[in-house]
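> Okay, handing you the structure first.
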Amino acid sequence: MKNVANAGGFQLLWFVCVLLGSWVAFFSTLVYLTFHARYLQTKHKEFVLMFAFLVIGCVWDGLLIHFGVLIFPSESLLLGTLPPVWLLCLWVSVATMLAHCLRFLVGRHLLAVCLGFISPVLSYIGGAKLSDAEIGAPYFGSVFIIAVGWAVILPLGFILCQKLQLDHE
C-alpha cells in the first residue's frame with residue numbers, strides 16, 4: 001500500500017508542478033515531502049538521496065537549458081540560468097520513488113537503463129506540452145539527448161540507493 005501511495009503522490013505532484021507553476025509547486029512539494037517523511041520514509045538517509053537528485057537536476061536540466069534542448073521563458077529560470085522551481089521540485093520528488101515504488105529496479109541495471117531511456121522522456125514531453133516549456137529543435141535529437149541522459153541518471157540513482165542502504169526496509 002505504501003508503494004501505491006508513493007507512486008500516486010508523485011503523480012499528483014507531477015500534475016501540480018507542471019500545471020500550476022513554481023510557487024504552488026514549491027509549497028505542494030513541501031506538503032508531499034512532509035507526508036512522505038511521516039508515512040513512507042524508512043530512513044533519514046533518504047534526504048541525502050533527495051538532495052543528490054536536486055543537485056543532479058540543477059546540473060542536468062541546467063545543461064539541457066544551456067544547450068537549447070529545453071527552452072523556458074527567461075522569467076521562469078532561477079537566477080537566469082537554473083531550471084524553474086517546479087522542475088527542481090520534480091527532481092526531489094523523483095528521488096522519493098527510488099527507495100520505494102521503484103525499489104524493484106535496484107540491482108537490475110539493464111532494466112533501469114531501459115526504463116530511464118523511455119519513461120522520463122515521456123514525462124518531459126508531457127510536461128512541455130502542459131507548461132511553458134518547449135523541447136528544442138531538432139525535436140528528435142533533443143528527445144534522444146534527454147533519453148540518453150536519463151538512461152544514465154536512473155541507474156545511478158539506484159546505485160546511490162544501494163550505497164545509502166536504502167534498497168531494503
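> So which of Gly116, Gly57 is under 16 Å from Phe26 (Cα atoms), under 12 Å from the mean Cα position of the chain (by Cα) and of a type outside the set (D, E, K, R)? Write out each step before concluding.
On the way: Gly116 fails: under 16 Å from Phe26 (Cα atoms).
Just one listed residue meets the conditions, Gly57.
> Follow-up. How do the pairs read when you match residues in the range 46-74 that are closer than 16 Å to Ile153 by Cβ with residues anywhere that are at pLDDT 95 or above and charged (D, E, K, R), using Cβ under 7 Å and keeping only pairs 6 or more apart or on different chains?
Listed pairs, sorted by first residue: Leu70/Asp61.
> Tally up the residues in the range 94-130 that are assigned to a helix (DSSP H, G or I), surrounded by 14 or more Cβ atoms within 10 Å (Cβ to Cβ), touching a residue at least 60 places away in the same chain (Cβ under 8 Å) and hydrophobic (A, V, I, L, M, F, W, C), please.
4
Each row is one residue, and each column tells you yes or no for (1) at pLDDT 95 or above; (2) at positive phi.
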{"site": "Gly107", "(1), (2)": "no, yes"}
{"site": "Lys129", "(1), (2)": "yes, no"}
{"site": "Ile146", "(1), (2)": "yes, no"}
{"site": "Ile153", "(1), (2)": "yes, no"}
{"site": "Gln162", "(1), (2)": "no, no"}
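> How many residues does the range 131-147 hold that are exposed (fewer than 14 other Cβ atoms within 10 Å of the Cβ) and in a helix (DSSP H, G or I)?
Total meeting the criteria: 3.
> Hey, another quick one. Does the range 145-156 hold any residues that are under 26 Å from Gly21 (Cα atoms) and not β-branched (Val, Ile, Thr), and which are they?
So the first thing to find is which residues in the range 145-156 are under 26 Å from Gly21 (Cα atoms), and the list is 145-147, 149-150, 153-154.
Ala147, Gly149, Trp150, Leu154 - these are the residues of the range 145-156 that are under 26 Å from Gly21 (Cα atoms) and not β-branched (Val, Ile, Thr).
> Then there's this: Provide a single number: the residues in the range 10-39 that are of a type outside the set (Val, Ile, Thr), without any contact (Cβ under 8 Å) to a residue 60 or more places away in the chain and more than 19 Å from Leu130 (Cβ to Cβ).
6
The values are calculated or read from the model by the stated rules, or taken from the named source; none is laboratory data. Model, not experiment: these values are computed from the prediction. Quick reminder, even Gly has a Cβ in these numbers, built from the backbone with ideal geometry, and neighbours come from all protein chains shown.
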